[in-house]
1. HN-Hα J couplings of the range 56-64 from phi, Karplus 6.51/-1.76/1.60, θ = phi - 60°, integer Hz, Gly and Pro as x?
2. Count neighbours as other Cβ atoms within 10 Å of each site's Cβ, and list the trypsin sites (Lys or Arg not before Pro) in the range 1-54 that are DSSP loop with at most 10 such neighbours.
3. Give me the dipole magnitude in Debye, nearest 20, for the range 10-135 about the Cα centre, with unit charges on the beta carbon: positive for Lys and Arg, negative for Asp and Glu.
4. GLU38: net charge of surrounding residues, Cβ under 15 Å, Lys/Arg +1, Asp/Glu -1, itself excluded?
5. Would you mind working out the magnitude of the charge dipole of the range 62-112 relative to its Cα centre, with +1 at each Lys and Arg C-beta and -1 at each Asp and Glu C-beta, to the nearest 20 Debye?
6. Where only protein heavy atoms count, and the probe is 1.4 Å, what is the accessible area per residue for the range 1-144 in Å²?
7. Under the 0.36 nm per residue contour assumption, what length would be gained going from the current alpha-carbon distance of GLU108 and GLU285 to full extension?
8. Leaving ligands, DNA and RNA out of it, report the carbon-plus-sulfur percent of the accessible area of the range 1-127 at a 1.4 Å probe.
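The values are calculated or read from the model by the stated rules, or taken from the named source; none is laboratory data. Here the structure is a predicted model, which is why all the values come from computation and not from measurement. Don't worry about glycine lacking a Cβ; one is built from the backbone with ideal geometry, like all the others, and counts go over all protein chains shown. Keep in mind that these areas ignore ligands, DNA and RNA; they rest on the heavy atoms of the full protein, side chains included. Shrake-Rupley method; radii C 1.70, N 1.55, O 1.52, S 1.80 Å.
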Amino acid sequence: MDEDVRQKLIEAGKILKQAVNEAAEKIAPGVKILEVAEFVEGRIVELGAKPAFPANISINSDAAHFTPKRNDDRVFKEGDVVKLDVGAHIDGYIADMAVTVDLGDNTELVKASKEALDAAIEVARAGVSVSEIGKAIEDAITNYGLKPIVNLTGHGLLPYLTHAPPSIYNYATEKGVTLEEGMVIAIEPFATNGVGRVGERSECEIYSLLNPRPVRMKMAREILKEVEENYKTLPFAKRWLKKAPDIIISKLAREGILRAYPVLTEVSGGLVSQWEHTLIIEEGEATVTTK
């Protein structure tokens with residue numbers, strides 16, 4: 001790996017860690033979700049990076065892709081299990097990190113995914129199959145009598161691409177990609193007291209540019225220009241855009257120009273916890289950029 005690239009990855013991770021830790025301290029009953037999202041996104045910029053995707057603040061049975069709307073007045077509540085999943089980048093080189101903040105009495109649920117992440121990091125290095133990482137995650141979570149979410153995965157990170165190969169399953173698989181020196185990956189175990197699967201629900205506030213092409217409507221052209229200039233292929237929130245009429249955003253998604261990221265929720269209504277770190281794979285112990 002080029003040393004300049006490595007330093008950008010390390011710095012993005014350092015900035016993200018500080019921003020996420022500061023934001024997590026603000027999560028409390030009665031606080032607006034939007035306030036925390038805007039704080040952590042703004043803090044990343046203040047510290048010298050840019051958000052790699054909108055702050056995901058998924059609560060209780062929601063596992064991923066929830067970000068508040070513009071002028072959203074929803075607040076955290078007593079008893080909530082809050083997943084704060086945030087990314088930062090420097091010149092497209094990404095760090096991705098998640099923590100769980102428990103506003104209730106869900107100690108074992110939170111510990112299960114955290115210990116699963118620690119176990120995964122311990123085995124992650126060049127020459128190791130991602131199937132071994134999945135086994136470490138599954139063993140740690142099932143030791144608590146809980147289940148990993150089988151259709152959410154960790155992933156590789158490439159410049160301006162938040163989800164790249166390899167997929168890193170949260171359970172043991174027969175085969176898997178062998179990690180190579182210089183790979184950048186995000187490992188993110190999800191633990192649940194539900195059945196262990198997520199499905200989409202209708203709320204969607206996050207999109208990314210998928211297949212840019214000419215469009216006739218003036219406002220659609222303006223939206224796509226703003227997205228290309230500011231976010232390239234990285235996910236963005238509707239609240240980040242100057243104007244984002246639902247009818248136009250939905251049309252661009254239906255036409256395959258934008259990719260939609262609907263909120264993913266545990267299908268049986270089970271509570272979900274999540275922890276995540278970004279790693280640079282090396283011959284020996286991996287470098288964790290966000291730890």
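1. 8, 10, 9, 10, 6, 7, 5, 9, 7
2. none
3. Magnitude of the dipole: close to 200 debye.
4. Values: positive: LYS26, LYS32, ARG43, LYS50, LYS69, ARG70, ARG74, LYS238, ARG239; negative: GLU22, GLU35, GLU41, GLU46, ASP72, ASP73, GLU205.
Overall, the nearby charge balance is +2.
5. Working: 6 positive and 11 negative charges, 32 e Å.
Charge dipole, the range 62-112, about its Cα centre: 160 debye, nearest 20.
6. Numbers: 5850 Å² over 144 residues.
Ligands and nucleic acids excluded, the result is 41 Å² per residue.
7. Values: separation 177, 0.36 × 177 = 63.72 nm, distance 2.76 nm.
Contour length minus Cα-Cα distance gives 61.0 nm.
8. Values: 2320 of 5180 Å².
Carbon and sulfur: 45 percent of the exposed surface of the range 1-127.
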